Amino acid sequence: EPLILQDDCELVSFSYEDEYFDDVSDACFKIVRTWTVINWCEVDGSPENTVVESSEAALVHFFNGCGSSLPPLPQQGCVQEPPLLPFLDLNGDGDHTAPSFERVPEERRTFREGLSLQTLDPNAPDLGAQPDGVIVYQQTIKVEDKALPAFPDQCQLPVLCLEANGCGDALLIPVPQIAECYLDNLVIGVTTPWGPGFGPYSGIEPGTYELSYIVMDPCGQSASCSTTLEVVDCQPPEMLCMGELELDFGGAAVPVMELKARQFVLSASDLCSAPVAIAFSTDPADSVRLLTCADQGMHTFEIFAIDTAGNFSSCTNTFILEDSAACAQLQPLGGLIRTETGKPVNLVQVNLLVDSLPVSMDTTGPNGTYQLGLPFGTTDYLVVPSKSINPLNGVTTFDMVLITKHILNVQPLDSPYKIIAADINASGRVTTFDLVLLRRLILFLDANFPS
C-alpha cells in the first residue's frame, strides 16, 4: 500500500482496482493494479484527477535536459549524481538513483500532489504544484510460480449422503482439498462413472465409485489423483404404526404366545435401501418376542423400521395382554443358581419350557434366585438357564496356564465345571484350539467366544 510522506494532518485515503491478465509472455500471469490516493483536504466535491503527476525520476530526467520521457527499465535515465537536486528529492532519501536490486526504482514510484512536467517551473519548482487532491498510479505485478499444485490428503473425499429425495437426489461431486497459492484461478476437472464434470447427477444409488481429478494452476502446471467416493443412504424409512393392540392367549392350556413386531406396523417403505425390517430394537433380528403370564396388562414400547443401510425410524406402540384363566392356575417354581464354590450368580436368564415352548421366564438377582410359574398338572418341563455376557469376567492369563497344564496332563482340572469352562468351543474336549480362542479374547481380537 502507498507510503504517505510529509503528512501535515491531511485526511488521506487510498484504494485500488485490479485487472487480471493470464496471457503474459514473461510470467504466469499479470495484475495491473491502479492505486488512487485522495487528500480530502484538497478535494471540493467529487475527486477528479485533473493533474497527472510526474514521478521524481521523470522530473529529474526532464530538469537535467534529457527530455520528457524516461527510458525503459533497467535504464534509469539522467538521474545520476552529482548533482543532487534537493527540491526534487521527493522521497527525501538524499539521491535520485536506485539500488540494482529494485526492479522499479522508488524514484519512479514517488509523486508530489499536483507536481508534473507540465506545471514544473525550472526557476521556481516549489511553486509549480497545482494540487487537485488526487494521485493515480498504475502498478504492474507479474507473478511466477514454480510449485506444482498438490492434493495434501491423497484426494480423500467426505461421505456423500442421499437424503431428502432418496435415490432421486441430484448430487454434486465434491472438490478435494488442494494446496495451491492461487486457489481463485485454478482449473479443476473430474471424471466420474456418470461423465466428466461435477454434476449435478441424478439417479445415483448407494455404493463406492472411482473418481479422477486434475487441477491446473494459472502457470499451466498440473497435478492429478484418483480416489473413491462413498455414497450412502442417510434417509430413514417411513412407517405408519397401529398405536395399540389387544391380545389374549386364546384359551390355550399353556399360556404362551409369539408376538411379532410387524403386527404393530400398517406400512413401512424406503426410497433407496429397501427392504425394510421391522423389529423391537435397532437390531433387525430382534423381530419376535414371546409373551407369557408375566406380560399380562398394558405395555408401551418402541417399534423400529430399519433399512439395509442401517437408517431407522421408530414409533411408540401399546399392547394390552388380557388376563388368562390359565395364568391363574400356575404354581410357583423357584430355585437358586450358584457357582461350584457356592457364590450366587447374577443376571442369569432362566426359561421354563413345556413341550419345548417357553412358559415363564425370570432373571436372577444378586442373590442368584429365580421364580417361575408352572401350569398345574404339568409333570414334564425343562428349566433352562443361560448367561452369555461379560466373557472376560474373572478371566486372566493364568487360566491359560491352567488349561495348558491340563492338556499336557501335568495338572488336570479337578472339577467338571472347570473342564466345561475350559472347553471354549464346546467340542466336548479341552484342546489347544480352546487356548487360541481364549488368547484372542484376552488380546481383544474377538469380542465374544464363537460358541
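We did not get these values from a lab; they are worked out from the coordinates using the rules stated. Treat the numbers as computed from the prediction; the structure is a model and nothing was measured. Positions of Cβ are generated from backbone atoms using ideal geometry, with glycine treated the same way; all protein chains shown enter the neighbour counts.
Across segment 48-61, computed HN-Hα scalar couplings (Karplus, 6.51 cos²θ - 1.76 cosθ + 1.60, θ = phi - 60°) run 9, 8, 7, 10, 8, 5, 9, 6, 4, 4, 5, 5, 5, 4 Hz from first to last residue, x flagging Gly and Pro.
If a paramagnetic tag sat 7 Å from the Cα of Ser25 along the Cα-Cβ line, which residues of segment 56-88 would have the backbone N under 17 Å from that point? Inside the label zone: 72-74.
Amide hydrogen proximity for Leu372: with H placed 1.01 Å from N in the peptide plane, the residues at 5 or more positions away or on another chain lying under 5 Å are Leu333, Gly334. When exposed loop sites are taken as GluC sites (Glu not before Pro) in a DSSP loop with at most 16 other Cβ atoms within 10 Å, the longest stretch of the chain clear of them is 164-321. Consider all pairwise Cα distances in the chain and report the whole-number % of them above 35 Å. Pairs farther apart than 35 Å: 67 percent. Please find the FRET efficiency linking Thr431 to Ile214, where r is the Cβ-Cβ separation and R0 is fixed at 51 Å, and quote it to the nearest 0.05. According to the calculation, E is roughly 0.30. With a cut-off of 17 Å on the backbone N, the residues of segment 325-359 near the modelled label site 7 Å out from Asp248 along Cα-Cβ are 325-329. Once you put a point 7 Å from the Cα of Gln130 and another 7 Å from the Cα of Leu3, both along the Cβ direction, what distance in nm separates them? Roughly 3.0 nm, to one decimal.
Couplings for segment 269-285, taken from phi via the Karplus curve 6.51 cos²θ - 1.76 cosθ + 1.60 with θ = phi - 60°, read 8, 9, 6, 10, 10, 6, x, 9, 8, 10, 8, 7, 8, 6, 8, x, 6 Hz in order; Gly and Pro are left as x. Computed from the C-beta positions of Ser386 and Cys315 and an R0 of 25 Å, the FRET efficiency is 0.20 to the nearest 0.05.
Taken as Cα centroids, segment 182-233 and segment 394-410 sit 58 Å apart, rounded to the nearest whole angstrom. Taking trypsin sites (Lys or Arg not before Pro) as exposed when their DSSP state is a loop state and no more than 15 other Cβ atoms lie within 10 Å, the longest site-free interval of the chain runs over 147-386.
Amide H contacts for Ser287 (H built 1.01 Å from N in the peptide plane; partners 5 or more residues away or on another chain; cut-off under 5 Å): Phe280.
For the pair Met298 and Leu186 in one chain, pulling the backbone fully straight at 0.36 nm per residue adds 33.7 nm over the alpha carbon distance.
Hey, how many Å between the Cα centroid of segment 44-60 and the Cα centroid of segment 259-280? Between the Cα centre of segment 44-60 and that of segment 259-280, the gap is 80 Å. The Cβ shell under 14 Å around Pro284 holds other residues with a net charge of -2, Lys and Arg each +1, Asp and Glu each -1. On the beta carbon distance between Ala274 and Thr140, with R0 = 45 Å, the FRET formula returns roughly 0.10.
Label-to-label distance for Cys41 and Asn367 is 9.8 nm, based on points extended 7 Å past Cα in the beta-carbon direction. The slack between Arg103 and Lys405, meaning 0.36 nm per residue of separation minus the straight C-alpha distance, is 100.0 nm.
When only alpha carbons are used to place a centre, segment 74-117 and segment 1-16 end up 19 Å from one another. Extension gain, Leu347-Trp194: 0.36 nm per intervening residue step, less the Cα-Cα distance, totals 49.6 nm. For the chain, which longest stretch is free of loop sites, where a loop site is one of the chymotrypsin sites (Phe, Trp or Tyr not before Pro) that DSSP puts outside H, G, I, E and B and that has at most 11 other Cβ atoms within 10 Å? Formally, the longest exposed-site-free interval is 102-375. For segment 253-283, the residues whose amide N sits under 18 Å from a probe point set 7 Å from the Cα of Asp355 along the beta carbon direction are 253-259.
Helix 432-442 and the longest principal axis of the Cα set of the chain meet at an angle near 50°.
Phi angles of segment 344-350 translate, via the Karplus equation with coefficients 6.51, -1.76, 1.60 and θ = phi - 60°, into HN-Hα couplings of x, 10, 8, 6, 9, 8, 10 Hz per residue; Gly and Pro are given as x.
With the simple spin-label model, which puts each label point 7 Å out from Cα in the Cβ direction, the Leu84 to Phe376 separation comes to 12.7 nm. For helix 397-407, what angle does its Cα long axis make with the longest principal axis of the chain, in degrees from 0 to 90 and rounded to 10? Long axis of 397-407 versus the principal axis of the chain: about 50 degrees.
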